[in-house]
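Structure first, commentary second.
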Amino acid sequence: MQLDFFPSRTLTLYLAKLFVVRILAVLVMLVLVLMALDLLSATGKILAAEGNDQADILRYAGLRLPQLISRFLPYSVLLATLITLVTLNQNSEVVAMKAAGLSAHQVLSPLLLTALVVCLVSFGFNERIVTRANATLKAWEAAEYGPIPPPVAGGVRSSVYLTDGTNILSAATLTGRGENIVLSGVTWYERAPGGIIREQVRSPKATYAAPGWRLERATRFDVAGAITETLPRLVVGQSLSPDRIMLQSIDPDAQSFWELSASIDAYEAAGRNTDEMRAKWWHRLSGPLSALLMPLLGSIAAFGLARSGQLFVRAIIGMALGFAFFVVDNAALAMGSFGGYPPFLAAWAPFFLFLLLGETVLVRTEE
């Protein structure tokens, strides 16, 4: 019986290579299929914008690709685990390894090490590429796939929504910081105390008027009189300060781990609720680590006699455990965003629950 956690160097490299090749193959297959389906629904909207052509479709694909890779990388690790272990079992390689004195954990250790490397790569990929793609794609979608405002200090944010008493100010995009903020695609709703809209004002651009926000080339529609008039400029939302708008327009999915930390501190200093942001902050760590669980949850497919007729059932059980984790993880994160669970519990409880579950199944069946 070997006392080392890893098997021999040759066997470790062999298993790791098998696992990496299958992860990449499954990931490419999933991303290509999902990208094709996504383009079928998005191409019409992109080409509907004036001036857009095939280059804009490729641009959309380039922005959507990182999102798909980030979301389906853990699924790829799960499916690659099942394919690798089922193949090893069918070829009696698992039997040979166990006959050589390797334990179940030693058989899985090269896969776990590879999954840990995938976790680190996934975290770096999310922070450096996915967050930027999220910010750019959301701003482009908010502009209805038209021209995005040029980048300035503070970047571009999309889907700004604020309340000024009973009134509402919304904007498709926000650029700049502080008093240099520029809102594009602005809509102002003036409402009665009961929530009934009295008038609606649309403007292509709004700037800070100290106080309030100056709408340029505004079009006002009086609901009661059904009258539309054009105003050269109009100041609204005098209680909406630039600091409040900056806090309200934060998108956790478009910020890196460290930027989100600073945003949470700013929210707490302003006395705002941070449960949703803090849950997503913790999930920036627990999310990539989900790939580490997949070899453990799918390990049930590696053991047992291939000729017993139960290999297919074992593979189905491993797949069910893996997909059950993703369902529970998404549900817990949603509950954390709504304040049903504490943020730390919402992000980490599914990970530790299925870690204990997978370890228990492995120990009681194979160790």
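Filter region 249-258 for residues that are surrounded by fewer than 21 Cβ atoms within 10 Å (Cβ to Cβ) and touching a residue at least 12 places away in the same chain (Cβ under 8 Å) and give the result.
249, 250, 251, 252, 253, 256, 257
Across region 310-332, a minimum of one residue is classified as part of a loop (DSSP other than H, G, I, E, B) and out of contact with any Phe, Trp or Tyr (no Cβ under 8 Å at 6 or more places or on another chain). On the stretch given as region 161-216, residues that are of a type in the set (Val, Ile, Thr) and closer than 22 Å to residue 145 by Cα total 6.
The numbered conditions (1) part of a helix (DSSP H, G or I); (2) closer than 30 Å to residue 175 by Cβ; (3) modelled with pLDDT under 90 are all true for residue 307 except (2).
Evaluated against (1) free of Cβ contacts under 8 Å to residues at least 60 places away in the same chain; (2) buried (at least 17 other Cβ atoms within 10 Å of the Cβ); (3) not charged (D, E, K, R), residue 174 falls short on exactly one condition, (1). The set of residues in region 265-288 being over 14 Å from the mean Cα position of the chain (by Cα) and of a type in the set (A, V, I, L, M) consists of 266, 269, 270. Please tell me if residue 263 is surrounded by 13 or more Cβ atoms within 10 Å (Cβ to Cβ), touching a strand residue (DSSP E or B) at 6+ places or on another chain (Cβ under 8 Å) and either of a type in the set (S, T, N, Q) or without any contact (Cβ under 8 Å) to a residue 12 or more places away in the chain (or both). So residue 263 fails the test. Looking across region 177-205, the residues that are at pLDDT 85 or above and crowded, with 22+ Cβ neighbours inside 10 Å come down to 186, 188, 203. Within region 108-129, residues that are of a type in the set (Phe, Trp, Tyr) sit with their Cβ atoms under 8 Å from residues that are part of a helix (DSSP H, G or I), at 6+ positions apart or across chains, in these pairs: 123/284; 123/285; 123/288; 125/66; 125/69; 125/70. Taking into account only those residues within region 39-65 that are part of a loop (DSSP other than H, G, I, E, B) and not acidic (Asp, Glu), which is surrounded by the most Cβ atoms within 10 Å (Cβ to Cβ)? Here the answer is 52. Within region 311-329, the set of residues being under 22 Å from residue 284 (Cβ atoms) and modelled with pLDDT under 90 comprises 322 only. Take the residues in region 342-367 that are charged (D, E, K, R) and within 16 Å of residue 314 (Cα to Cα), then tell me which one is modelled with the highest pLDDT. Across region 342-367, the extreme among qualifying residues is 359. When residues in region 113-136 are screened for being surrounded by 21 or more Cβ atoms within 10 Å (Cβ to Cβ), over 13 Å from the mean Cα position of the chain (by Cα) and either of a type in the set (A, V, I, L, M) or under 15 Å from residue 64 (Cα atoms) (or both), 2 of them pass.
The values are calculated or read from the model by the stated rules, or taken from the named source; none is laboratory data. Computed from a predicted model, the values in this text were never measured in an experiment. Because the Cβ atoms are built from the backbone with ideal geometry, glycine has one as well, and the counts that use them run over all protein chains shown.
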